[in-house]
Amino acid sequence: MLILKKIHKFKNKIILYGILIVCAVITVVLVNHDEKFYHNTIAKVITVKEVPGTSSKADNKKINEQKLTVRILNTDKIGKILELNNLYTETGAYDYKFRVGDKLFLTLTTSSTQELSATIAGVKRDYYLVITAWIFLVFIILIGKRKGFLSTLSLLVNIIVFYYALELYRNGMNLILLSGILAIIFTTFSMLMVMGNNKKSYSAILSTIVATLFTMIITFLVMIFTQNNGLRFEEMQFITRPIYPIFMAEILLGSLGAIMDIAITISSSMFELHDNNVMTQTALIESGREIGRDIMGSMCNVLLLAYVSGSFPMILLYMKNGMPVFNAFYSNLSLELVRALTGSIGIVLAIPISIYSTMFFLKKKNELSL
């Protein structure tokens, strides 16, 4: 009987992964031939000829040139062959090096003599994005099984919610209030979707919301007392809306992910320890503390590295233009360090809050053996 169950389970896995592979192949093929659904002109690179590079006198930067032959794939000009010039640099910040098979967005122009010409407006990347998305989906389902699929589903829903939230902000809704509502929605939906409708989820939700609230109160008070001294808002100078609410919303949503991770880890671990071991209240609390200590340092480092790494291009740009290393770091990392430190405060607060929140829900159901 046990063997038959294992065989049945194995067959179900084979069927599931087979369906995923078939769906992935069909999706990739369709996206590779979806040009007719675009209003923009799309062309495929047929041949590429490299022209010897030259040197720009402005910044001693090597510029390479390509001669491209492309064939239009949609609109009423489908099938037309065009010759294009493409200039690109080693950095690739504002330009591209093309290969045979690449698909490009073109802007077409017609001269007075009815001669058709085009300029490159961008690169069609949906094919590669779909492949990457399917690789992510297959691996997360392969490793996480049902919870991996539900995690992906919750991520998609959160992205959709965030999109409509941006529309509300653009229509005049208070950003900090909107961010607070988003934090509650993200936390509640993600926890319930992944962990299910149970006390473990309630504990993680309560811990996340309370820890985030205390973190924002501390941040708000510190910024009032210091009057934002030492913060460099130059990177936000082109925003045409008030900077302070935007910065606070960044801190709120940025720290939410780390706090949520701590809350769900401690809550899930303590429930598992209780369900699989006969532990006293004191022993369970001490286990939660030990788990919190083990993950606290790594999570703080993750936050710091995630925020700091995004500023590397600007730091290098400042240093290239002669700014001292310390000044370059200070000018670009003041906001990132505040975000990282705020998130770290949230991580530290989330540990005791998660422990006692979990104990509360365990006691409430009289599940704890004292």
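The values are calculated or read from the model by the stated rules, or taken from the named source; none is laboratory data. Worth saying up front: this structure is predicted, and the values here are computed from it rather than measured. Note that we place each Cβ from the backbone using ideal geometry, even for glycine, and neighbour counts take in every protein chain shown.
If you take the residues of region 134-173 that are among the small types (Gly, Ala, Ser) and surrounded by 15 or more Cβ atoms within 10 Å (Cβ to Cβ), which of them is modelled with the highest pLDDT? Quick ask: steps written out before the conclusion?
Initially, region 134-173 is screened for residues among the small types (Gly, Ala, Ser), giving 144, 148, 151, 154, 165, 172.
In the following step, the residues that additionally are surrounded by 15 or more Cβ atoms within 10 Å (Cβ to Cβ) were identified as 148, 151, 154, 165.
On the way: GLY148: 80, SER151: 82, SER154: 85, ALA165: 88.
For region 134-173, the residue satisfying everything is ALA165.
Being crowded, with 16+ Cβ neighbours inside 10 Å and farther than 16 Å from ILE46 by Cα is the filter here, so list the residues in region 97-126 that pass it.
Matches in region 97-126: LEU108 only.
Output the number of the condition that ARG339 fails; it satisfies all remaining conditions of (1) in contact with an Asp or Glu (Cβ under 7 Å, 6 or more places away or on another chain); (2) at pLDDT below 80.
For ARG339, the failing item is (2).
Within the group LYS97, LYS67, which residue is part of a loop (DSSP other than H, G, I, E, B) and farther than 30 Å from LEU155 by Cβ?
Numbers: LYS67 fails: part of a loop (DSSP other than H, G, I, E, B).
The conditions single out LYS97.
What are the pairs, 6+ residues apart or on separate chains, where a residue within region 273-300 that is assigned by TED's automatic domain parsing to the domain that holds SER354 and at pLDDT 80 or above has its Cβ under 8 Å from a residue that is assigned to a helix (DSSP H, G or I) and of a type in the set (Asp, Glu)?
Once the first residue is assigned by TED's automatic domain parsing to the domain that holds SER354 and at pLDDT 80 or above and sits in region 273-300, its partners that are assigned to a helix (DSSP H, G or I) and of a type in the set (Asp, Glu) give MET299/ASP261.
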